[in-house]
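The values are calculated or read from the model by the stated rules, or taken from the named source; none is laboratory data. These numbers were taken from a predicted model, which means no experiment stands behind them. When we count neighbours, we look across all protein chains shown, and the Cβ atoms used for this are built from the backbone with ideal geometry, even at glycine.
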Amino acid sequence: MIEWALDGLLVLALLVTAVATLASRDLFRAVVMFIAFGLLMALVWVRLQAPDIALAEAAIGAGLTGVLLLDAARHLGYGRADPCEGQDSDDGQAGPSR
Amino acid sequence: MMRFLGVAIMVAICLAFAGGLALTVWQIAGTPAPVNLPHLLAENLDASGVDHPITAVLLNFRSYDTLLEIGVLVIAGIAGISMAKTTSLEDPDLRTSDSLLYALQRWFVPLMLVLAGYLLWAGSDRPGGAFQAGAVLAASGVMMRLGGIPMDFLRPGMLLRFGLALGFSVFLLVAVASALAGSAFLAYPEAFAKPLILIIEVVLTFSIAMVLLALFVSAPVNRTEEPEEGEAG
Amino acid sequence: MTPSLLYAFAGVALCSIGLFGFVRIRHLLRKLMAFNLIGSGVFLLMVGLAQRGGQPDPVPQALVLTGIVVAIAATALAVVLIRRYYHLSGQTTLAEPRAKRAKPPAPTANREGSPE
């Protein structure tokens, strides 16, 4: 029973972070949510008795992807002296799932 | 109004997609698997040369997939490098003076190198292997890169080409050699299976780390060339 | 119904969430993340469905391991392409540039949590 609760909670957290990744308006926050999603995926692989994938996911999904996307987000999102490229705030498509 | 309609249609499509997929999953789950793969694998594990089933699948039973995978990785690496702004490698802006990162680097990079070695070695009989080791190696390289440590081997040149192609070419060489020796493509001779797998794993680790690191490094650092980007960032 | 099957259904949900994001969101980096969500959903679906009996199955696990490494390589390449595109065009979506330039600047209410 406790295992079912754990699995259910993990799945719920997975889906919440996935939605939050897509729905958050701040690009930085979206990337952080995506990193959290990667870490949760590593936990899920442990629950699925796949320690190999868990290791790879922890190193890749949380570490490498995180650095890569944070670095890219810094260059794309924050380096804004050009106000005309504010595309994800006023069009409303950044938060479609709400 | 039109936007709302578009979102509604998209939501409907996604729900239908999810419903159909879930129904399929449910129906598949109701039918028993035609082949008992874990059982089949456990029976043949002795012939593979390694004791860990996943390594056996990756590098012996389904090594064709792994060969193609490293091929894809090399192509991705080449495509990434061709976008590279190679001058950014010696960009002084990249040298950070963040003391936290320096301290982290001093402690973590040797540790991560040891961890990568351990993971590679562990792959033969417990969770671990070339992919994880390569990822950790690449992560330590990324850390060094963020700290501004110059890594000359990532400049276009012989060393980079060699490192990128090493994994794929050694793997292919083994495959072709076994085909020429009379058995099937990629079928290792049973006596040499273990050392061959070990060699392939080592070169795969280096190549995977090299490709991932090269892809990370070759991301254009567009700061000096684009004035409208400003100094922020 | 086993826990593995639950994860397979979670994979289904992730696929559809990712699909929605991939189609609707225009910012390229977010699109990339949505695409990665789809990928994670597919991986979960594969392993969860193969292990519905309860015991681990190394074959799909090995395939997923390969898939993860290919996915990170593809993601890294996509990031390089997106940054190159941004470098050349100065925008982060694939939209036509004329709408962007004509629009009045909206300096507030945008990335309020920017750390810099």
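Brief remarks on what is shown
- Residue in region C:42-55 that is within 15 Å of the chain's Cα centre (by Cα), in a helix (DSSP H, G or I), surrounded by fewer than 24 Cβ atoms within 10 Å (Cβ to Cβ) and more than 10 Å from chain B (Cβ to nearest Cβ) present: yes
- Exactly one residue among A:Ala13, A:Ala62 is of a type in the set (A, V, I, L, M), at pLDDT below 90 and within 21 Å of C:Val47 (Cα to Cα), and that residue is A:Ala62.
- C:Leu29 buried (at least 24 other Cβ atoms within 10 Å of the Cβ), more than 30 Å from B:Ser48 (Cα to Cα), touching a residue at least 40 places away in the same chain (Cβ under 8 Å) and of a type outside the set (Asp, Glu): yes
- Hits in region B:35-64 - residues which are outside any helix (DSSP H, G or I), without any contact (Cβ under 8 Å) to a residue 24 or more places away in the chain and not aliphatic (A, V, I, L, M): B:Asn36, B:Arg62
- If only residues of region B:90-128 that are at the interface with chain A (Cβ under 9 Å from one of its Cβ atoms) and at pLDDT below 85 are counted, the one that is surrounded by the most Cβ atoms within 10 Å (Cβ to Cβ) is B:Gly123.
- Listed by first and then second residue, the pairs linking a residue in region C:2-13 that is within 15 Å of C:Val64 (Cβ to Cβ) to a residue that is charged (D, E, K, R) and modelled with pLDDT under 90, with Cβ atoms under 8 Å apart and 6 or more places separating them unless they lie on different chains, are C:Ser4/C:Arg52; C:Ala8/C:Arg52.
Each row is one residue, and each column tells you yes or no for (1) modelled with pLDDT of 85 or more; (2) under 27 Å from B:Met83 (Cα atoms); (3) within 20 Å of the chain's Cα centre (by Cα).
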site	(1), (2), (3)
B:Met144	no, yes, yes
B:Phe168	yes, yes, yes
B:Leu186	no, no, no
B:Pro189	no, no, no
B:Leu198	yes, no, yes
B:Met210	yes, yes, yes
B:Ser218	no, yes, yes
B:Glu226	no, yes, no
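- Residues being within 7 Å of another protein chain (Cβ to nearest Cβ), crowded, with 19+ Cβ neighbours inside 10 Å and not hydroxyl-bearing (Ser, Thr, Tyr) - total across region A:21-46: 8
- Selection count where residues are crowded, with 21+ Cβ neighbours inside 10 Å and either farther than 16 Å from C:Ala73 by Cα or in contact (Cβ under 8 Å) with a residue 40 or more places away in the chain (or both), scope region A:55-70: 1
- Residue match in region C:8-26 (condition: closer than 17 Å to C:Ala76 by Cα and among the aromatic types (Phe, Trp, Tyr)): no
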